[in-house]
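The values are calculated or read from the model by the stated rules, or taken from the named source; none is laboratory data. In this text, all values refer to a predicted model and were calculated from it rather than measured experimentally. Using ideal geometry, Cβ is built from the backbone for each residue, glycine included, and neighbour counts are taken over all protein chains shown. Heavy atoms of the whole protein, side chains included, go into the accessibility calculation; ligands, DNA and RNA do not. Shrake-Rupley method; radii C 1.70, N 1.55, O 1.52, S 1.80 Å.
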Amino acid sequence: MNDQTQQIAPQALAALAERYWAFECHELPLSAVLAGQTLQDAVLFRESAADHQRRNTDAGHLLTQAEQIDTGPLNAQERATLALIKRELAGLRAQHAVDSWQRPWLFPAGPDFTAMFWANSTSISDAAAAALYVDRLAGLPAYLRDVQSSIEAGHARGYRYPRVVLHSAAANTRGILGATPEASAWLSPFKRSAAAAQSGVQAQAERALGVVRDALQPALQAWADFLQGLMARGARESLSCVDGPAGAAYYRTWVQHFTSTTNDPEEVHALGLAEVARLEREIEAVAGDAGYAGDVSGYRAFLASDPQFIAPSRDALRESIEALCKRVDRRIPEFFGLIPRITYGVQSIPDAVSARMPPAYAQPSPADGTSAGIFWISGLPSKAPRYLHPALVVHEAWPGHLMHLALLNEQTALPAFRRYGAVKYTACVEGWALYCEMLGVEMGTYTTPHEHYGRLEMQMWRAVRLVVDTGIHWYGWSREQAVVYMAERLSLSRETIEGEVDRYAALPAQALGYQIGGLKFGELRQRAEAQLGARFKHRDFHAAVMSAGAVTLPVLDDLVSDWLQRQQTPEVPHAA
């Protein structure tokens, strides 16, 4: 193979990666905005029927181009890039084939939450940025109407949502509406802007207030009414997405998407049962350390009922988390050589939506570095008991999501679609965060048996998801059956468990990537230690897996294998 031949495939791949990113930026403008890209218009969402049809067709054309590239001359990262382009395009077409756009997710991350997430991520630097923000704000009512039209088309084809999902989605929207326009998330970019005092920015803030009051809030009210109306028009009492047209194919499609494997629902269910059994044995040992030998249920009852584990207020909870974050941050350089330039902060999830949200979640810093990442902690202290705090911190903040995603934004050697596409790789992103929970043991994050239980409880939480998600959607479990299964294995409140079950019903297969991803990272760590022996170093291994970016689990395996091979191959000295 001559030098010219060796260059053709990499050049063709680089050009395809640029075309694919341009496709993504046009079709999914919010992704581009969050990536700091400058767009030609103020459109944030393209969700009409015509948009979905065009997206599917164009994805097919790009996939054909990808399949024509020869992998022979590509290096490991280039092979990863090509594999990911093929995977994303094929996945987009597979999701379209099962009419995912006509049964979009409504809870907890429905269109209203997605729009609010954008507002919370937006930074306003000057009057021009403020004007663009308000223009985009003014487009949100049309976005809600487009999603509603897609759901109506799906309803005509026989697609139905579970009643409990519609109820929760409508309640979330009404919770958002509970804030006055002035106090809403939509006005928050102006309040935190360093340019807020500029007259041009102030004028746009007034304009934004009018858009929210006169257009967006009525549109959100209409959206909540629409969800309420769907309940009266034939909502499903069952939770399973399989109970409807093409339901089995729909679920299989999303199982493969979220796990990034070819596992079928039966295999995932069996893995979940095995993981639950393993963790039950580890929890028994920790319960013994805490003085509850042979009485795990009594220990869980103690954890669930003793007031020492509940912060006295939402502010006290946030302050406790902030202090713990700094304690973890102090140990980061010992384990990581790659550290992001951006920082992060801690904020409380608004009370109006805390009851239906998880105990915590991460909001990454925007790619342009104009604002910090946010570790959101529940506004309800009972949803985040103290024994869970260390595991929550290392999972959501550093070295978990906020560190991982910030570093990904800084990987300028990767194509743009890889730097900014982490949301598409649940198993990798969540798997890393679960690995960080285990790493917390080596970092000295857990100091009491209760906190070690909290770590195992978080693992058990992810393990039971494998059982419950497949139980609901593949085996037809009822809501009560799922709640009881989780309640018997977790110390979480029934309210929290019910919220989790409703989430699994609303987001089929999304919860499956966590434990499967965590197991893969643990397997790679063991492989690295076994092959490198005394030469294993935390900083080197972590640099290797984080430099891989957000990828499928098979691609991650390939990249780590390539790294290990290079570690074991002696360098040939250059001739003098």
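P(r) of the stretch 83-122 in 5 Å steps, Cα pairs, percent per bin?
Spelled out bin by bin, the stretch 83-122 gives 6, 20, 15, 15, 19, 19, 5 percent.
Counting residues in the stretch 1-110 as N, plug N into 2.2 N^0.38 Å and put the Cα Rg over that result.
Working: Rg = 16.1 Å, N = 110, 2.2 N^0.38 = 13.1 Å.
In units of the globular-protein estimate, the stretch 1-110 measures up at 1.23.
Work out the charge dipole of the stretch 405-489 with +1 on the Cβ of Lys and Arg and -1 on the Cβ of Asp and Glu about the Cα centre, then indicate which of GLY431, GLN459, GLN481 is farthest towards its positive end.
It is GLY431.
Using the Cα atoms of the stretch 104-223 to build a convex hull, what is its mean projected area in square nanometres? Please list the in-between numbers first.
Details: hull surface 28.3 nm².
Answer in nm², one decimal: 7.1.
Could you work out the helix-only [θ] at 222 nm for the chain, with each DSSP H run of four or more residues adding -39,500 (n - 2.57) and the total divided by the number of residues, to the nearest 500 deg cm²/dmol? The partial results should precede the final answer.
Values: 26 runs with 365 residues, N = 576.
Mean residue ellipticity, 222 nm, calculated: -20500 deg cm²/dmol.
Find, to one decimal place in angstroms, the Kirkwood hydrodynamic radius of the stretch 334-475, where the mean of 1/r is taken over every pair of different Cα atoms and then inverted. Each step should come with its number before you reach the end.
Working: mean 1/r = 0.0616 Å⁻¹.
Evaluated on the stretch 334-475, it is 16.2 Å.
Give me the net charge of HIS61's neighbourhood, meaning all other residues with Cβ under 12 Å from the Cβ of HIS61; Lys, Arg count +1, Asp, Glu -1.
On the way: positive: ARG19, ARG54, ARG55, ARG93; negative: ASP58, GLU67.
Overall, the nearby charge balance is +2.
Tell me whether the stretch 76-173 comes out rounded, prolate or oblate; compute the Cα gyration tensor, take square roots of the eigenvalues as a ≥ b ≥ c, and use a/c under 1.5 as the rounded threshold.
Values: a/c = 2.10, a/b = 1.04, b/c = 2.02.
Here the stretch 76-173 falls in the oblate category.
Within straight cross-link reach of LYS537, meaning Cα distance under 25 Å, which lysines are found once same-chain residues fewer than 8 apart are removed?
In chain and number order, the partners are LYS326, LYS520.
Can you tell me what share of the DSSP beta bridges in the chain is antiparallel? A percent to the nearest 5 is fine.
Details: 4 of 10 bridges.
Around 40 percent of the beta bridges assigned by DSSP in the chain are antiparallel ones.
Please give the net charge around HIS167, taking every other residue with its beta carbon less than 11 angstrom from that of HIS167, where Lys and Arg add +1 and Asp and Glu add -1. Spell out each step's value before the answer.
Details: positive: ARG163, ARG174, ARG356; negative: ASP502.
Once positives and negatives cancel, what remains is +2.
Along each of the three principal axes of the Cα atoms of the chain, give the extent in whole Å, ordering the values from largest to smallest.
73, 69, 54
Ignoring ligands, DNA and RNA, please state the percent of accessible area on the chain from carbon and sulfur, probe 1.4 Å. List each step's numbers first, then the result.
Working: 12200 of 23010 Å².
Roughly 53 percent, rounded to a whole number.
Give me the accessible area per residue for the chain, probe 1.4 Å, as a whole number in Å². Don't skip to the answer; put the middle values down first.
Numbers: 23010 Å² over 576 residues.
Averaged over the residues of the chain, the accessible area is 40 Å².
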